[in-house]
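Worksheet for the structure shown next.
Read the figures in this text as sums done on the coordinates, not as results from a lab. Remember, predicted model here, so these are calculated numbers, not experimental data. Backbone-built Cβ (ideal geometry, glycine too); neighbour counts: all protein chains shown.
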Amino acid sequence: MSFEPSPKTQALLDRLNAFMDEHVYPNERRFFDEVAEGDRWQPTTVVEELKAKAKAAGLWNLFLPESEHGAGLTNLEYAPLCEVMGRVLWAPEVFNCSAPDTGNMEVLARYGTPEQQRQWLDPLLNGEIRSCFAMTEPEVASSDATNIASSIVRDGDDYVINGRKWWSSGANDPRCKIFIFMGKTDPDNPSRHRQQSMILVPRDTPGVKVLRHLPVFGYDDAPHGHGEILFDNVRVPASNMLLGEGRGFEIAQGRLGPGRIHHCMRLIGQAERALEKMCKRAVSRVAFGKPIAAQTVTLERIAESRILIDQARFLVLNAAHMMDTVGNKVAAKEIAMIKVAAPNMACQVIDWAIQAHGGGGVCDDYGLAYAYANARTLRLADGPDEVHRNAVGKMELAKHVGKDALKTYMNSSSSVSRV
């Protein structure tokens, strides 16, 4: 099938590229200068200014499918736009298309009550507030979501929440006003996938304590950041429950599919930017009497980068097409495949770009070290490589031995079933 952009996407792509050229690329240094001045955890002026320009230009909430608030694009149509935004790490926020807000908005749009949507979704769609997704915990292997140990206990007309979360992106941002919290309402349920629930926790609720920010390879990602949070006897109304008790795992699966593919789309943009910088450096840098572009090893790395990026892009586009046509559940294998392929590809391409820049590649002058830190983190975020590889392997085996035989084998082999 053809993955050429639709006329609608191409028109948006032209406008988006023009906006990036005029407003985003020229302000990359200004963004980091503003973050470095004063309180790092305050919103930057440049992003707030560009958000207003993007909204006025009709480049707003492009990620939302079938919504009166967004562009109404399919995953396949959104992919090239997300890739372009991913070329600058902070650019998605300019268009209200950054994580974790995109996933949280989709949760509220799909599963929220009218009152929940009015209170939280509307200001998120308008870019007036930000949000946080509190799922991962420091005490358990959160790559298995059924391990989540935080508790959500019904008490009359309220729920009482206790637990410790970390890597909760956006928790440090003063604009963060709402957490989507995942915990257990029924830890004794025979079904491990019906024990969890998700509930809305306003940031200013008594008992919510942001303990610290968590740097990534030394980068604090201010003013957004990632936090460790203690929920100590936090009490919220029962009406804050999403979809109903025992539906948390179901919501998580619905949320993480689009979230994973968006990360992969942005990673392709980061890798393209790294390759662009590598090529420019290779023809301008002279070593041993000739440009490093004349060195065979450099040409090989440029060629391999092109191959790796295009391979990953086609995998992502195919996954997006399947999500649109047969649904996220049927496309589970394709989503898992790209979640492994895209971060590993980006890490390799960015690493080669760093090598071409020599000492300059590992400092902040070229943005490559920061891009590498982000790409490397995404081999863990939204599920580590190992989990996704295991999922792909099991689905592939099932094609040849059958689901029932595979299930019997996995249940009888403790060394495999624990992987």
Q | Under the span-like rule (Cα at least 30 Å along the axis, Kyte-Doolittle mean at least 1.0), DSSP H helices of the chain | A | none
Q | Residue order, fewest to most beta carbons within 10 Å, for 338, 307, 292, 229 | A | 307, 292, 229, 338
**Q.** Whether the range 130-245 is rounded, prolate or oblate, judged on the alpha carbon gyration tensor where a/c under 1.5 counts as rounded
**A.** oblate
Q: Scan around residue 168 for amide H atoms under 5 Å from its own, H built in the peptide plane at 1.01 Å from N, and keep only partners 5 or more places away or cross-chain.
A: 227
**Q.** Dipole magnitude (debye, nearest 20) for the chain, charges at Cβ of Lys, Arg, Asp, Glu
**A.** 920 debye
Q) Between residue 290 and residue 232, what FRET efficiency comes out of the Förster formula 1/(1 + (r/R0)^6) with R0 = 41 Å and r the beta carbon distance, rounded to 0.05? A) 0.05
Q | Ranked packing of 230-236, 175-181, 265-271, 377-383, most packed first, by mean Cβ within 10 Å | A | 265-271, 175-181, 377-383, 230-236
